[in-house]
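Derivation of every value follows stated rules applied to the coordinates shown; laboratory data play no part. Bear in mind that the values here come from a model prediction, so they are computed numbers and not experimental data. Every residue, glycine as well, gets a Cβ built from its backbone with ideal geometry; the counts of neighbours run over all protein chains shown.
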Amino acid sequence: MREGLGCSGAWKNAKEVYLGSESEDASMYQVAQVRGGGKFVILGLVGVTSIEQAQQLKGQSLFVSLSLLPELKEDEFYAGDLIGMRVEDTSGRQLGVLEEIFDNGAHEVYVAKKGSAEVLIPVVDGVVVSVDRTAGLLVVELPDGLLGVYTN
């Protein structure tokens, strides 16, 4: 499963990116330079020439045109494709809808919400069992005791 966009992927080919709180209100920036790799890249943006200008962009979401993303194989997906999927465990228990994905530094975490309840799902070996994009279903095998943290 391909989940990230490393330097060898879309970021390396991006000539422009968009920054904003939502894609609809994002502003376009021309990319001057790309450095780094893996989960972390550093983008040099045309017109952003001082640390003060860069600080003003801190906390904004970064968007790139879908046309720049490498084509995926049948069993691959981008993490953003999962947002909105139903999440259930291997016993069929409905955990909610995947509403958010974040990186805690060690691994990604999926946030499934059902009403006011949410379950934080660590994306580590053996937890994500299957992803069915056609059915909009993500099946997980939660580590022992994890669900009890949210139901007690």
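Calculated mean residue ellipticity, 222 nm, the chain: -2500 deg cm²/dmol, from DSSP H runs (n ≥ 4) at -39500 (n - 2.57) each, averaged per residue and rounded to 500.
The ratio of the alpha-carbon radius of gyration of region 42-120 to the globular-protein estimate 2.2 N^0.38 Å is 1.49. Is the shape of region 79-151 rounded, prolate or oblate, going by the alpha carbon gyration tensor and its root eigenvalues a ≥ b ≥ c, with a/c under 1.5 for rounded and a/b larger than b/c for prolate? Rounded, since a/c falls under 1.5. Summary: within the chain, the longest segment free of trypsin sites (Lys or Arg not before Pro) located in DSSP loops with at most 14 other C-beta atoms within 10 Å is 94-132. Positive end of the dipole of the chain (Cβ unit charges, origin at the Cα centre): among Gly115, Met85, Ser23, the Cα lying farthest that way belongs to Ser23. For region 10-68, a crude dipole built from +1 on the beta carbon of Lys and Arg and -1 on the beta carbon of Asp and Glu, taken about the Cα centre, is about 380 debye to the nearest 20. What you get for the chain, charging only the Cβ of Lys and Arg (+1) and of Asp and Glu (-1), is a dipole of about 380 debye around the Cα centre.
Stokes-Einstein diffusion coefficient for the chain at 4 °C in a medium of 1.567 mPa s, Rh from the Kirkwood formula over Cα pairs: what value in µm²/s? Mind showing how you got there, number by number?
Numbers: Rh = 17.3 Å.
The diffusion coefficient I find is 75 µm²/s.
Electrostatic tally near Met28: other residues with Cβ closer than 12 Å to its Cβ, Lys and Arg +1, Asp and Glu -1, net -1.
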